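For reference, the structure discussed in these notes is given below.
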Amino acid sequence: MQLPVILGIESSCDDTAAAVIRGNEVLSSVSFAQTVHQTFGGVVPELASRAHITGILPVVEQALLQANISKSEVQGIAVTQGPGLAGSLCVGLNFAKSLSQAWAKPLIGVNHLKAHVLAHFLADSQPDGSIPKLPFLCLTVSGGHTMIVLVEDGYQFTILGKTQDDAAGEAYDKCGKLIGLPYPAGVEIDKLAKEGNPHAFPFGKPKMQGFEFSFSGLKTSVLYKIQAETKVNPNFIEENLNDLCASIQHSINTILIETFYKAWDTHPVSYVGIAGGVSANTDLRKRFMLEAEKRNIQGFIPKFGYTTDNAAMIAIAGKIQWDTHAESPIALSPKPKFPISE
Ligand code: KG4
Ligand code: ZN
């Protein structure tokens, strides 16, 4: 049987990306990370849209070239429909629609959040090539979302819990900003925390119902601690940077791990995973796997390239939809608030 070749296109936020897969094997995955936002401390939507416009054609061309795939071999064009920034989504969608018309290939609109979870089903996501079986319980932690998702037969997605305020990545970025780190602060906190004491500053945990998350209280505790300490010692941040990073990281990750495995207690499946940008965090990866081992279940963490936004995950989500002939109409419009359950 011939496996379908799918071109994936991602432009929901500040990465312009394209990938080609055959079946679940990744033939190429190209990404252009926009740097124009760095001086603003966050993504500027208008600048993101403009950078996607200049980046999208070369990125798609590179992906096809690296995969050594001609347009006639492509069987479907998968593109992020949402959630994301409206203007950025429009660039990717319109590009994909044009290709779909010009090449006479089906268009497949993809949910970006589902795609993060489905990155686990790419052949090279794990070093040993293993992929999870359904039902699969996944913690999705990105700059915009934090949720626990149950994926059941037929790729049915159910949210068991989500954040009531900030996303985990947002908590990393906002706490990082308070201690003077550049945006996005997650990677830097991860790096500096390696030399710090995670118990130096106990920031406390929120009391939440069910499997809900909250990070706004933590951000406030960090702010109050810094305000109080810098009054006494203006060099407090510089002198305690590693300990601050380790303590912030420990607090965020403890909330994530404890809530996730509380949800697992009520849905004790054999396959669990983490997805999204924050799943690149070294401490989170280690603790997540340790907890899985304790429960004698199989833990999955995507390889680094598939944790942050990428187009291979869009292509695999598109392939899974292609298998069920779930093509999209050419009038497909962006859904900036596309829920994962739709
Ligand atoms: O999934 P993603 O690439 O973009 C979306 O939000 O969709 O996630 C980006 C988020 C940022 O908040 C960034 O600070 C965080 O992921 N992040 C990390 C690490 N790498 C990226 N957070 C903690 N540790 C990391 N190593
Ligand atoms: Zn994302």
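The values are calculated or read from the model by the stated rules, or taken from the named source; none is laboratory data. Please read all numbers here as calculations on a predicted model, not as lab measurements. Cβ: placed from backbone, ideal geometry, glycine included. Neighbour counts: every protein chain shown. Keep in mind that these areas ignore ligands, DNA and RNA; they rest on the heavy atoms of the full protein, side chains included. Shrake-Rupley method; radii C 1.70, N 1.55, O 1.52, S 1.80 Å.
Before moving on, here are some points about what is shown:
- The magnitude of the dipole of the chain, with charges of +1 and -1 set on the Cβ of Lys/Arg and Asp/Glu and taken from the Cα centre, is near 300 debye.
- Total charge dipole magnitude, segment 136-301, about the Cα centre, Cβ charges on Lys, Arg, Asp, Glu only, Debye to nearest 20: 200
- Global geometry of segment 136-301, whether rounded, prolate or oblate, following the gyration tensor of its Cα atoms and the 1.5 cut on a/c: prolate
- Taking every alpha-carbon pair under 8 Å whose residues sit at least 6 apart, segment 1-117 reaches a relative contact order of 30 percent.
- Considering only PHE32, THR254, LEU244, and ranking their Cα positions along the charge dipole of the chain that arises from unit charges at the beta-carbon of Lys, Arg, Asp and Glu, the one farthest toward the positive end is THR254.
- Note on segment 191-265 and segment 6-39: Cα centroid distance 32 Å, given to the nearest whole angstrom.
- Using alpha-carbon coordinates, inclination of helix 216-232 to the longest axis of the chain, degrees: 40
- As a length-normalised measure over Cα pairs under 8 Å and 6 or more apart, the relative contact order of segment 136-301 settles at 28 percent.
- Cα-derived Rg over Rh, computed across segment 59-162 with Rh taken as Kirkwood radius: 1.01
- With all protein chains in place and a 1.4 Å probe, the accessible surface of the chain carries 55 percent carbon and sulfur.
- Shape call, the chain: gyration tensor on alpha carbons, a/c limit 1.5: prolate
- Highest-MSF residue in the chain out of ASP190, ASP265, ASP124 [GNM, Cα springs under 10 Å]: ASP265
- Angle between the chain longest axis and helix 168-178 axis [Cα atoms, degrees, rounded to 10]: 50
- Across SER270, SER49, the residue with the most accessible area heads the list, and the full order at a 1.4 Å probe is SER270, SER49.
- For GLY82, the residues 5 or more places off, or on other chains, whose built amide H falls under 5 Å of its own are VAL110, HIS112, LYS335.
- Counting only DSSP beta bridges with both residues in segment 136-301, the antiparallel share comes to about 55 percent.
- With 28 Å as the limit on Cα-Cα distance, the pairs of LYS194/LYS219; LYS114/LYS303; LYS191/LYS335; LYS207/LYS231; LYS177/LYS262; LYS194/LYS337 that go past it are LYS191/LYS335; LYS207/LYS231; LYS177/LYS262; LYS194/LYS337.
- Secondary-structure-derived ellipticity at 222 nm for the chain, considering helices only, amounts to -13000 deg cm²/dmol, per-run term -39500 (n - 2.57) for DSSP H runs with n ≥ 4.
- Contact order, relative form, for the chain: 25 percent (alpha carbon pairs under 8 Å, 6 or more residues apart, mean separation divided by residue count).
- Between the Cα long axis of helix 312-323 and the first principal axis of the chain there is an angle of about 50°, rounded to the nearest 10.
- By DSSP, the beta bridges lying fully in the chain are antiparallel in about 60 percent of cases.
- With both labels modelled 7 Å from their Cα along Cα-to-Cβ, the LEU57 to LYS177 distance reads 3.5 nm.
- Distant-in-sequence amide H partners of THR163 (H built 1.01 Å from N, under 5 Å): THR146, PHE213
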